[in-house]
Structures are given as structure tokens and as C-alpha cells.
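J.: Before anything else, here's the structure in question.
What follows draws every value from the coordinates through simple rules; no lab data is involved. Just so it is clear, the model here is predicted, and its values are computed rather than measured. Positions of Cβ are backbone-derived with ideal geometry, glycine not excepted, and every protein chain shown enters the neighbour counts.
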Amino acid sequence: MIVRKQEPSEYRNTINWLNNKSIQRNFGFTREIILEEHVDWLQKRANIEVLSILYCNLHVGNIVLDFNERHESVFLQIYIGDSSCRGKGIGGVAMNIVLKYIFEEKQKNRLHLKVFEDNVPAIALYEKLGFIKEGIERESHKMDGVFRNQLLYSMLSREWKGES
Ligand SMILES: CC(C)(COP(=O)(O)OP(=O)(O)OC[C@H]1O[C@@H](n2cnc3c(N)ncnc32)[C@H](O)[C@@H]1OP(=O)(O)O)[C@@H](O)C(=O)NCCC(=O)NCCS
């Protein structure tokens, strides 16, 4: 498995996945995006890294990292784009690669994320990796007329290093 910076030839996969209804629901996206919009968004955000997850040399998913240099923290989003590739251990291995990248190579202190409380596979993945549940944002997102709760999870460098 390889996780590395996304190449422009892979943007098309990314757009297709971001416009997939189930991924939109898991991230709370409410509208379709087009390639030009995505490229423009990326160019304007120097603090964002989009990483491609390659499995058997195939691009199967992405990890998006939003760096906050001032606070030495990173906000993370992960998705395995092709649903047939889920539940095979890919997300878990990719997350471990990224945890090492963030805490060892980039020397960051805190990694955090949000997840909708009905996203059972994602919550199981984060808890298995040792993320700590910080709390709940009650009814923080409205979709199709329904308010949804989001859970907040984080991991600190010293926890990943087993120092706490
Ligand atoms: C969440 C996601 C990234 C997990 O990746 P994955 O490759 O499917 O996960 P893995 O196969 O590596 O599984 C890792 C752990 O997650 C949990 N898990 C995975 N699929 C699960 C499922 N369907 N139900 C319950 N737990 C599940 C298990 O704890 C599993 O560990 P185990 O196999 O040792 O029990 C993937 O399901 C996905 O892309 N979902 C759609 C997008 C999304 O919801 N992203 C997260 C938004 S916060």
C-alpha cells in the first residue's frame, strides 16, 4: 500500500467520489462539484494536502489533511472511493501510514476529525486506531431538513508515541 501526494491525473477519480451520494452523505456535502472548481479550491489552499491511497497500484481513495501551523495540528478526512474496496483493511493501513507521517515526519502535536454519529464503520476505525472521543456537536449539520450530530475525535503526538 502506498499513500502519497495526489497527482493531477487522479483528480478525476476524486471528483467522481466526491459526487457519489453515499460519500456526500458521510461528509455532509450538499451539491455536486466540477473539476475546475476542485482545482481552484486546491490552488487557493496552501495548507491542504490531498494524498492518494494506492492499493495494488490502483488509486482507491484519498486522505485530505488540513494543516494548522500555528497550533501544530492537522484536520483529517478519509474516504475509500470505491465501495467494493471497503472493509478489506485498506483504510486502517492507510491511516497508520498517515499517523506516522503526521507525528514523525511532520512533527505535529494534534490530529483531529469529525464524523457523523451514524457512520458506524468510520467510528469503529477511529476507535480501533486509538482516537479519543472529545465530544459531540449536537445538531450541527442540517441535511434534507434533518439535523445531524457530529462526533469529534482526536489523537495527540504523545498518545501515538505511547508516552501518555
Ligand atoms: C471509513 C472508511 C475509510 C474505513 O475504511 P475501510 O478500508 O473500509 O476500513 P478497514 O477495512 O481498514 O477496517 C478498519 C476497521 O474499521 C472498522 N470497520 C470497517 N468496516 C466496518 C463496518 N462495515 N462495520 C463496522 N466496522 C467496520 C473495523 O473496526 C475495522 O477493523 P477490523 O477489520 O479489524 O474489525 C471507509 O469505510 C470509507 O471510505 N467510508 C466512506 C467514506 C467515509 O465515511 N469516510 C469517513 C468520514 S468521517
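J.: Return the residue satisfying two criteria in turn: it lies in the stretch 106-134 and is among the polar types (S, T, N, Q) and more than 13 Å from the ligand (Cβ to nearest atom), and of such residues it is farthest from His71 (Cα to Cα).
T.: Within the stretch 106-134, the first condition is being among the polar types (S, T, N, Q), and the residues that meet it are 107, 109, 119.
Narrowing the set further to residues that are more than 13 Å from the ligand (Cβ to nearest atom) leaves 107, 109.
Numbers: Gln107: 12, Asn109: 8 Å.
Result: Gln107.
J.: Do we have Ile90 as within 15 Å of the ligand (Cβ to nearest atom) and in contact with a strand residue (DSSP E or B) (Cβ under 8 Å, 6 or more places away or on another chain) here? Full working, then the answer.
T.: Values: within 15 Å of the ligand (Cβ to nearest atom): yes; in contact with a strand residue (DSSP E or B) (Cβ under 8 Å, 6 or more places away or on another chain): yes.
Yes.
J.: Moving on. When the stretch 96-117 is examined, which residues are found to be within 27 Å of Glu139 (Cα to Cα) and exposed (fewer than 15 other Cβ atoms within 10 Å of the Cβ)?
T.: Pass one, the stretch 96-117, residues within 27 Å of Glu139 (Cα to Cα): 110-117.
Glu117, the sole residue that qualifies.
J.: Check the stretch 32-43 and report whether any residue there is assigned to a strand (DSSP E or B) and of a type outside the set (Ser, Thr, Tyr).
T.: In the first step, residues of the stretch 32-43 are kept if they are assigned to a strand (DSSP E or B); the result is none.
No, every residue in the stretch 32-43 fails to be assigned to a strand (DSSP E or B) and of a type outside the set (Ser, Thr, Tyr).
J.: Could you tell me how many of the residues in the stretch 1-32 are in contact with a helix residue (DSSP H, G or I) (Cβ under 6 Å, 6 or more places away or on another chain) and over 21 Å from Ala94 (Cα atoms)?
T.: 0
J.: Can you name the residue in the stretch 59-70 that is of a type outside the set (Asp, Glu) and closer than 25 Å to Asn109 by Cβ and is also farthest from the chain's Cα centre (by Cα) among such residues?
T.: In the first step, residues of the stretch 59-70 are kept if they are of a type outside the set (Asp, Glu); the result is 59-65, 67-68, 70.
Subsequent filtering for residues that are closer than 25 Å to Asn109 by Cβ retains 62-65, 67-68, 70.
Values: Asn62: 7, Ile63: 5, Val64: 5, Leu65: 7, Phe67: 13, Asn68: 15, Arg70: 21 Å.
Among those that are of a type outside the set (Asp, Glu) and closer than 25 Å to Asn109 by Cβ, it is Arg70.
J.: Could you tell me whether Glu49 is within 12 Å of the chain's Cα centre (by Cα) and either closer than 17 Å to Glu105 by Cα or of a type in the set (Val, Ile, Thr) (or both)? Don't jump to the end; show me each part of the working.
T.: Numbers: within 12 Å of the chain's Cα centre (by Cα): yes; either closer than 17 Å to Glu105 by Cα or of a type in the set (Val, Ile, Thr) (or both): yes.
So Glu49 passes the test.
J.: Then there is this: Given Ser84, Ser73, which one is under 24 Å from Glu7 (Cβ atoms) and either crowded, with 16+ Cβ neighbours inside 10 Å or over 15 Å from the mean Cα position of the chain (by Cα) (or both)? Steps first, please.
T.: On the way: Ser73 fails: under 24 Å from Glu7 (Cβ atoms).
Every option except Ser84 fails the conditions.
J.: Mind telling me which of the residues Ser9, Ser22 ends up being away from the ligand (no atom under 16 Å from the Cβ) and part of a helix (DSSP H, G or I)? It would help to see each step written out before you state the result.
T.: Numbers: Ser22 fails: away from the ligand (no atom under 16 Å from the Cβ).
Answer to the selection: Ser9.
J.: Among all residue pairs at least 6 apart or on different chains, which show Cβ distances below 6 Å where the first residue, located in the stretch 23-36, is farther than 17 Å from Arg12 by Cβ and the second is of a type in the set (S, T, N, Q)?
T.: Asn26/Asn119
J.: Have a look at Val120, Val93, Val50 and point out the one that is buried (at least 17 other Cβ atoms within 10 Å of the Cβ) and over 16 Å from Ser154 (Cα atoms). Let's see the steps before the verdict.
T.: Numbers: Val120 fails: buried (at least 17 other Cβ atoms within 10 Å of the Cβ); Val93 fails: buried (at least 17 other Cβ atoms within 10 Å of the Cβ).
The match here is Val50.
J.: Read through the list (1) within 12 Å of the ligand (Cβ to nearest atom); (2) touching a residue at least 24 places away in the same chain (Cβ under 8 Å), then give the number of the only condition that His59 fails.
T.: Of (1) within 12 Å of the ligand (Cβ to nearest atom); (2) touching a residue at least 24 places away in the same chain (Cβ under 8 Å), only one is false for His59: (1).
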